[in-house]
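Notes follow the structure.
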Amino acid sequence: MKKIASFQVNHDTLTKGMYVSRIDGDVITYDIRMKLPNGGEYLTTGSAHTLEHLFATYARNSEYGDAIIYVGPMGCRTGFYLLTRDTLSGEQAIALTRESMRFIRDYGGEIPGNKKEECGNYLDHDLSGAKALAGEMYDVLKNWTEKDLQYKE
């Protein structure tokens with residue numbers, strides 16, 4: 001079988017940040033790398049689940065909501081994927097992700113979609129863990145620019 005694009009990225013040199021993973025027609029997939037690959041520290045399921053609920057809710061309710069296709073965690077638990085329409089520029093995607101992380105870092109309310117009838121695993125959430133992850137990622141993206149969206153060799 002043909003090796004998929006995400007397996008062609010050198011995970012030995014990949015650092016925390018936000019990268020364009022692939023472009024398929026008008027869909028851009030962003031790799032939001034929150035943990036170092038194979039670094040021994042990974043997203044916990046509870047913190048990733050809560051971050052997903054908050055990130056997706058914030059992004060879809062933002063001024064860019066119509067351009068958001070998907071927000072979700074990577075199976076390897078080192079980050080998230082953000083899929084957008086190409087109507088959203090790289091700078092706008094960075095700004096949205098940065099503001100989403102700030103929002104989550106500072107969040108103090110109920111977790112959206114955290115009722116049994118709304119979520120398939122409503123008991124597995126960790127707001128304090130999500131807030132800590134978001135704070136770390138906000139700092140990583142603080143000065144991130146469109147030129148930083150390319151994977152480094």
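All of the numbers you see were taken from the coordinates with simple rules; none came from a lab. Treat the numbers as computed from the prediction; the structure is a model and nothing was measured. As a convention, Cβ positions derive from the backbone with ideal geometry for all residues, glycine included, and neighbour counts pool all protein chains shown.
The aspartates and glutamates within cross-link reach of residue 152, meaning a Cα-to-Cα straight distance under 20 Å and a gap of 8 or more places when in the same chain, are 12, 31, 91, 139. 3J(HN,Hα) along region 138-145: 4, 4, 4, 8, 3, 10, 5, 10 Hz, from the Karplus curve 6.51 cos²θ - 1.76 cosθ + 1.60 with θ = phi - 60°, whole Hz, x for Gly and Pro.
Between the amide H of residue 21 and those of 29, 30, 31, distances stay under 5 Å, these residues lying 5 or more places away or on another chain, with hydrogens modeled in the peptide plane.
What FRET efficiency comes out for residue 44 versus residue 122 if R0 is 22 angstrom and r is the Cβ-Cβ distance? Round to the nearest 0.05. Approximately 0.85, to the nearest 0.05.
For the chain, the orientation-averaged shadow of the C-alpha convex hull comes to 9.8 nm² (one quarter of the hull surface). Shown here for region 49-121: GluC sites (Glu not before Pro) in loop regions (DSSP other than H, G, I, E, B) with at most 12 other Cβ atoms within 10 Å, namely 63, 110, 117, 118. Applying the Karplus relation 6.51 cos²θ - 1.76 cosθ + 1.60 with θ = phi - 60° to region 120-128 yields 3J(HN,Hα) values of x, 8, 5, 8, 9, 9, 8, 5, 5 Hz, where x marks Gly and Pro.
In order along region 30-42, phi translates into HN-Hα couplings of 9, 9, 9, 8, 9, 10, 6, x, 6, x, x, 10, 10 Hz, rounded to whole numbers, per the Karplus curve 6.51 cos²θ - 1.76 cosθ + 1.60 with θ = phi - 60° and x for Gly and Pro. Our estimate of slack between residue 139 and residue 8, defined as 0.36 nm per intervening residue step minus the Cα-Cα distance, is 44.4 nm.
Beyond 27 Å in Cα-Cα separation lie the following of the pairs 16/116; 3/35; 35/116; 2/142; 35/147: 16/116; 35/116; 2/142.
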